[in-house]
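**Q** First, the structure itself, so that you have it in front of you.
Throughout, read-outs are computed from the coordinates displayed, never taken from laboratory work. Since we're looking at a predicted model, the values are computed, not measured. Note that we place each Cβ from the backbone using ideal geometry, even for glycine, and neighbour counts take in every protein chain shown.
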Amino acid sequence: MSFRGKRKDGEGLASDENEDHAPPNKVSKISSAVDSDDSDDVVVCEISKNRRVSVRNWNGKIWVDIREFYVKDGKQLPGKKGISLSLDQWNVLCDHAEAIDKALAENS
């Protein structure tokens, strides 16, 4: 028979587990990302009011970041919508810029 529900009188618990211990403090992902010193962000251009292209050095790697931003408490913060391209991916995209321009011209 499977055991479901509460344990009675500390059955099956080690003596250390019965003592009251405070849970570890949780760190917000947003605050740790904003306060991080591992990121050097250079804004190259603003595509629109809430979209920008930036080049960032993060964890020793260079990324081209195309991302939407939102305002919270007077600060502009990066949103989930966007893409970060490695240098290799950025170079592939640049190599195909003429083909992309041609496809845009054909579909306009």
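**Q** Using Cα-Cα distances under 8 Å and only pairs 6 or more residues apart, what relative contact order does region 39-107 have, in percent?
**A** Once divided by the residue count of region 39-107, the mean separation gives 20 percent.
**Q** Work out how much length Lys80 to Ile47 would gain on full extension: take 0.36 nm times their residue separation and subtract the Cα-Cα distance, in nm to one decimal.
**A** Net length gain for the segment: 10.2 nm.
**Q** I would also like to ask the following. Taking only pairs that are 8 or more places apart or on different chains, how many Lys pairs in region 39-107 have Cα atoms under 23 angstrom apart?
**A** Summing the qualifying lysine pairs gives 8.
**Q** Please compute the net charge surrounding Ile47, taking Lys and Arg as +1 and Asp and Glu as -1 over other residues with Cβ under 11 Å from its Cβ.
**A** That works out to +2.
**Q** Shape call for region 39-107 from the C-alpha gyration tensor, a ≥ b ≥ c root eigenvalues: rounded (a/c under 1.5), prolate (a/b greater than b/c) or oblate?
**A** Judged from the Cα gyration tensor, region 39-107 comes out oblate (a/c at least 1.5, b/c at or above a/b).
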